[in-house]
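*Asks:* The following block contains the structure, expressed as structure tokens.
The values are calculated or read from the model by the stated rules, or taken from the named source; none is laboratory data. Please read all numbers here as calculations on a predicted model, not as lab measurements. In this analysis, Cβ positions are derived from the backbone assuming ideal geometry, glycine residues included, and neighbour counts consider all displayed protein chains. The area values use the complete protein model at the heavy-atom level, side chains included, leaving out ligands, DNA and RNA. Shrake-Rupley method; radii C 1.70, N 1.55, O 1.52, S 1.80 Å.
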Amino acid sequence: IQQPAVSSQVLQLEKDLGTKLFDRQPFRLTDAGQELFDFIDPFFSNLDAVAQRLRSSAQPQLRVAASEVVLRKHFPAVLERLLQSHPQVRLSLRSGFDTELANWLRDGQADLIITPLHGRPPPQTQSQSFLRLPLVLLVPKKWKIGSVEEIWARRRPEFPLISMPARESISVIFQRGLRRLGVEWPVTIEASSLTLITQYVADGRGIGVTVAVPELVKAPHVQVFALEGFDRMEVAAVWRGELTPLLREFLA
């Protein structure tokens with residue numbers, strides 16, 4: 001702080017108190033100045049010690065948002081390793097749609113999100129890609145469909161389509177691939193989770209679009225068709241600002 005700024009603040013303080021706090025030449029505190037100094041000195045003298053005590057007692061916190069599948073199937077193994085080095089970490093886990101995850105990160109309600117990307121990450125964020133998953137169709141076995149070509153045979157398939165909401169990455173990528181094929185296939189059943197899509201297909205309610213991960217495609221009464229020529233879904237971690245040591249270790 002520059003000296004003129006300090007002098008200005010002291011003059012303002014003297015004006016507010018209506019009394020002189022120190023003599024300028026030679027410098028010495030007046031009786032009023034000494035009284036004020038004696039009053040505030042214990043607070044400032046102990047400030048560093050209190051701050052250090054607060055820092056040492058504070059528990060690290062990690063707020064992660066991701067899809068229900070990620071938090072249920074994949075996060076526990078990561079958490080187990082993280083707790084080995086950070087046993088006192090406080091966790092906040094939230095599951096939601098892609099758009100909800102981005103909003104939570106933007107609004108400061110999550111430190112890091114694990115989310116599909118079908119374009120650039122949100123503005124003012126950084127990302128680290130984990131993997132790229134192929135899209136597949138799940139078809140009830142009892143429907144006796146032998147290939148995806150049978151589904152594309154008509155430009156507007158009559159089979160009920162089970163999919164995530166239109167703005168979710170899987171739906172965006174799938175519909176983009178359909179347009180390249182010249183196929184129009186509107187959603188019949190909009191599901192709130194990928195596990196629900198698998199269950200509805202197993203129940204024979206329609207054909208579902210999902211990603212090729214074992215917990216979603218290995219289900220009774222369901223056959224899996226690869227979607228050749230369709231873009232893969234990129235899964236990445238996204239965060240704002242600089243990585244904290246805790247976030248860096250979590251990513252590792």
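*Asks:* Could you list which residues have their amide H under 5 Å from that of M233, counting only those 5 or more apart in sequence or on another chain, with H placed in the peptide plane?
*Replies:* Amide H neighbours of M233, under 5 Å, 5+ apart: L133, L135.
*Asks:* Please state, as a whole number in µm²/s, the translational diffusion coefficient that the Stokes-Einstein equation yields for region 1-117 at 4 °C and 1.567 mPa s, with Rh defined as the Kirkwood radius across alpha carbon pairs.
*Replies:* The calculation lands on 67 µm²/s.
*Asks:* OK, next. Given 20 °C and 1.002 mPa s, compute D for region 205-252 with the Stokes-Einstein relation, Rh being the Kirkwood radius over Cα pairs; round to the nearest whole µm²/s.
*Replies:* Result for D is 148 µm²/s.
*Asks:* Follow-up. Provide the net charge surrounding H118, with neighbours chosen by a C-beta distance below 13 Å and charges set as Lys +1, Arg +1, Asp -1, Glu -1.
*Replies:* Taking every Cβ under 13 Å from that of H118, the sum is +1.
*Asks:* What nm value, rounded to one decimal, do you get for the distance between E184 and A32 when each label is placed 7 Å out toward the C-beta?
*Replies:* If labels sit at E184 and A32, their model points lie 8.5 nm apart.
*Asks:* Positive end of the dipole of region 69-168, charges at C-beta (+1 Lys, Arg; -1 Asp, Glu), about the Cα centre: which of G108, L138, M164 has its Cα farthest in that direction?
*Replies:* Most positive-ward Cα: L138.
*Asks:* A further question on this structure: Sorted by packing (mean other beta-carbon atoms within 10 Å per residue), highest first, where do 188-195, 224-231, 162-169 land?
*Replies:* In descending order of packing, they fall as 162-169, 188-195, 224-231.
*Asks:* Could you tell me what percent of the DSSP beta bridges with both partners in region 1-151 are antiparallel, to the nearest 5?
*Replies:* That works out to approximately 20 percent antiparallel.
*Asks:* Still on this model: What number comes out for accessible area per residue over the chain if the probe is 1.4 Å? Units Å², please.
*Replies:* About 62 Å² of surface per residue is accessible.
*Asks:* Could you count how many Lys pairs in the chain have their Cα atoms under 27 Å apart, skipping same-chain pairs fewer than 8 positions apart?
*Replies:* 5
*Asks:* Something else: What is the dipole size for the chain, taken about its Cα centre, with +1 at each Lys and Arg Cβ and -1 at each Asp and Glu Cβ, in debye to the nearest 20?
*Replies:* 1120 debye
*Asks:* Short version: ³J(HN,Hα) in whole Hz for each residue of region 153-164, in order, from phi by Karplus 6.51 cos²θ - 1.76 cosθ + 1.60 (θ = phi - 60°), x for Gly and Pro, what are they?
*Replies:* The phi angles translate into 4, 9, 5, 9, x, 8, 6, x, 9, 10, 8, 6 Hz.
*Asks:* Give the Rg (one decimal place) followed by the Dmax (whole number) of region 156-203, computed from C-alpha coordinates and expressed in Å.
*Replies:* So, for region 156-203, Rg and Dmax equal 10.8, 30 Å respectively.
*Asks:* Using alpha carbons only, what's the Rg to Rh ratio of region 137-225 with Rh from Kirkwood?
*Replies:* 0.92
*Asks:* Nothing charged except the Cβ atoms of Lys and Arg (+1) and of Asp and Glu (-1): what's the magnitude of the dipole of region 1-106 about its Cα centre? Round to the nearest 20 debye.
*Replies:* Charge dipole of region 1-106: 640 debye, to the nearest 20.
*Asks:* Would you mind working out the magnitude of the charge dipole of region 73-157 relative to its Cα centre, with +1 at each Lys and Arg C-beta and -1 at each Asp and Glu C-beta, to the nearest 20 Debye?
*Replies:* For region 73-157, the charge dipole is close to 480 debye.
*Asks:* Starting with the highest mean, order 235-241, 84-90, 151-157 by the number of other Cβ atoms within 10 Å, averaged over the residues of each peptide.
*Replies:* 235-241, 151-157, 84-90
*Asks:* What are the extents of the Cα atoms of the chain along their three principal axes, in Å, largest first?
*Replies:* Reported extents, whole Å, longest axis first: 100, 39, 25.
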